[in-house]
Amino acid sequence: MEAYSQCQWIGPFEVLKWPEQPGTYGYSRHHVTFEQASIKIQWFGSLAHEAHTLQAAAGGIGMPMLHWFEAIDGKEVMILDTFGPSLEELFRESGHYFSMQTLLLFAEQMLARVEFIHSRNIIHGSLDPWSFALGSSSWQSQQVLLVDFDTTAGRGSLRDDLYAIGEILAYFYGRWNSWEEYRQSIGHNIPKDTAPVINRFLHTVAGCRTIDYSSLRLIFRETFMDLATSLATGLGLRGPRAIREGFDPNLNAMSTIESGTLFHILGSKLALAGKQIAFLGDGALRQQYPQLLRRLDEILAIYIVLLSRDRLSFENERQAMRAYHIPNRLWRDLRWFLSSTHCAPVEVQLALVGKVYNFVGVLYEAIPSYRVFWTDQLLALADTRKRTEPICGKSAWTQTVSYWRNQSNMLKATGGLLK
C-alpha cells in the first residue's frame, strides 16, 4: 500500500481512497466529470483476466463498466463503476433473513445476469453471495448487479453457474450463519428444508440436458405471481395495480410530492439544464460538466417516481403506447439532453449516455409493461455508445447493439411478451 499511496492519479481518475485490504475497494473521481468510480488493486495473482472479462460484458444490464486498467509500480489497478452493498452484506444487516418475495425478485435478476454473461461466452465458475450487489444510485438501489468478474478461467460450465444461483438462494432461505457454514454442512447437495421453488430450480438445473433460461425464469416468475396474488387477496387489494411484475424502485424523498407538482419541478429542472447546455459551445468551464450530470440525475429521480405511479399491471402489458404516455415524454427529454450535449468532451458524452443507459436498464426490469419500448430505447442508446466509445470498447458495444436488436425483434414477434 505504501507504493500505491504515493500515486494520486490513475489515468484521468484522481485517487480519493486506496483499498485497504483484499476484498475491499477504493474510490476515485474523474477529473472532468467528477463522477466517482471504484478502485480494485492486485493483491494476489493478476487482474488482467478480470478486466478483460468485465470489458467483454460491457452493455449488459446490471454489469459495471470498466473505465481504466493499468499497472502501477508493477501492480495492476482497475477502475470500474461504483456499486452498493453485496447481497451477503444485506443478508447480515437484515438479521440473516430475506422474505420470499425479496428472494424471488433477487432470483430472477441473478438469473438474468448469468444468462447475459453466458451469451458473451463467459462462464463464471465461482459465484457466491458476494458476487452480486445492489446499485449505488437511488434509482438503481433495488437492482441486482453482477460485480465479481474474477472468473475461474477454463473451469466450470453453464450448468455450474446456474446451480450456484440455486445454492445462494438456498443459503439465504435457510438462515445459515455464514456461507462457509452452509458449504461445510451441505456441500453441493440440495438442502432438505429449502423452499419448494428453490428445490424445483436446483433439480431442474441438475437434470437438464440443454439449458432453457426461459423455463428456469418461469419457475421463479410463476411462484412470484402466485405469492403476489395470494397477498393481494389476503389484503383485499383491488384494481389493475394490485398485482404486477418487476421490482419497486427506490422513490426517494419525492415519493410524497403530488404528480402535478413533480411535473412543474421537472419542467424547471429541464429549463435549467437547457441554460447550462447553452454555455457548452462557448468554452464551458470545468465545473459546468459535473453540474450538468447532477442535473440529469435530478431529472431521472423525478421520472422514476412518475413512471412508478404510471406503471401498468401485468394484465394490461399489451396496451399500446400513446404519445401522451410518460415513457414517450421521458424519451423525448432524454434524446434532447443527449443530442444537445454533442459538443461536450467525449468523457462527458460517455458519462451521460452511460447514466441514461443504466437508468433505462432499471426501467426494463422494474416496469416490464413497457418492455418493448425500453428495448428500442436501449438499442438506440447502445448504438450511440458504440459510436462514441474508443476503439478498445467498440467490439463489446457492437455485440450489445446486436443483442438489443434481437430482443426487440423477439418481443415484437411475440406481441410484447418475452419469456
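The values are calculated or read from the model by the stated rules, or taken from the named source; none is laboratory data. This is a predicted model, so every value here is computed, not measured. Note that we place each Cβ from the backbone using ideal geometry, even for glycine, and neighbour counts take in every protein chain shown.
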Problem - Search result, residues across segment 148-181 that are surrounded by fewer than 23 Cβ atoms within 10 Å (Cβ to Cβ), within 18 Å of residue 80 (Cβ to Cβ) and modelled with pLDDT of 90 or more - result: 148
Handout entry: Residue that is in the same structural domain as residue 117 (by TED's automatic domain parsing) and touching a Ser or Thr at 6+ places or on another chain (Cβ under 8 Å), where the choices are 163, 182, 213, 173
Key = 173
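Go through 92, 113 for me and flag whichever is charged (D, E, K, R), under 27 Å from residue 180 (Cα atoms) and in contact with a strand residue (DSSP E or B) (Cβ under 7 Å, 6 or more places away or on another chain).
Working: 92 fails: in contact with a strand residue (DSSP E or B) (Cβ under 7 Å, 6 or more places away or on another chain).
Within the list 92, 113, the selection yields 113.
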Handout entry: Residue check for residue 294: closer than 30 Å to residue 368 by Cβ and at pLDDT below 90
Key = no
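For (1) within 23 Å of residue 135 (Cα to Cα); (2) over 21 Å from the mean Cα position of the chain (by Cα), each residue gets a yes or a no:
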{"residue": "328", "(1), (2)": "no, yes"}
{"residue": "359", "(1), (2)": "yes, no"}
{"residue": "366", "(1), (2)": "yes, no"}
{"residue": "396", "(1), (2)": "yes, no"}
{"residue": "399", "(1), (2)": "no, no"}
Handout entry: Residue in segment 127-140 that is buried (at least 16 other Cβ atoms within 10 Å of the Cβ), closer than 20 Å to residue 225 by Cβ and either at pLDDT 95 or above or of a type in the set (A, V, I, L, M) (or both) present
Key = no
Handout entry: Extreme residue, nearest to residue 120 (Cα to Cα), among residues of segment 36-57 that are in contact (Cβ under 8 Å) with a residue 60 or more places away in the chain and buried (at least 22 other Cβ atoms within 10 Å of the Cβ)
Key = 57
Practice task
Kindly state which strands (runs of 3 or more DSSP E) lie completely within segment 1-119 and contain at least 1 residues that are of a type in the set (D, E, K, R) and under 30 Å from residue 364 (Cβ atoms).
Solution key: 26-30, 36-41
Completion exercise
Given (1) under 19 Å from residue 49 (Cα atoms); (2) in contact with a strand residue (DSSP E or B) (Cβ under 7 Å, 6 or more places away or on another chain), residue 127 misses just (2)
Exercise for the section: Could you grab the pairs with beta carbons closer than 7 Å, sequence gap of 6+ or different chains, first residue in segment 70-90 and at positive phi, second one not in a strand (DSSP E or B)? Expected result: 73/3
Problem - Qualifying residue in segment 75-83 (condition: of a type outside the set (Lys, Arg), over 24 Å from residue 381 (Cβ atoms), surrounded by fewer than 21 Cβ atoms within 10 Å (Cβ to Cβ) and out of contact with any Pro (no Cβ under 9 Å at 6 or more places or on another chain)) - result: yes
Problem - Yes/no for residue 155 being in the same structural domain as residue 106 (by TED's automatic domain parsing), part of a helix (DSSP H, G or I) and not aliphatic (A, V, I, L, M) - result: no
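Residue by residue, here is whether (1) surrounded by 22 or more Cβ atoms within 10 Å (Cβ to Cβ); (2) of a type in the set (S, T, N, Q); (3) under 18 Å from residue 305 (Cβ atoms); (4) not assigned by TED's automatic domain parsing to the domain that holds residue 287 holds:
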position: 328; (1), (2), (3), (4): no, yes, yes, no
position: 333; (1), (2), (3), (4): no, no, yes, no
position: 336; (1), (2), (3), (4): no, no, no, no
position: 355; (1), (2), (3), (4): no, no, yes, no
position: 363; (1), (2), (3), (4): yes, no, yes, no
position: 375; (1), (2), (3), (4): yes, yes, no, no
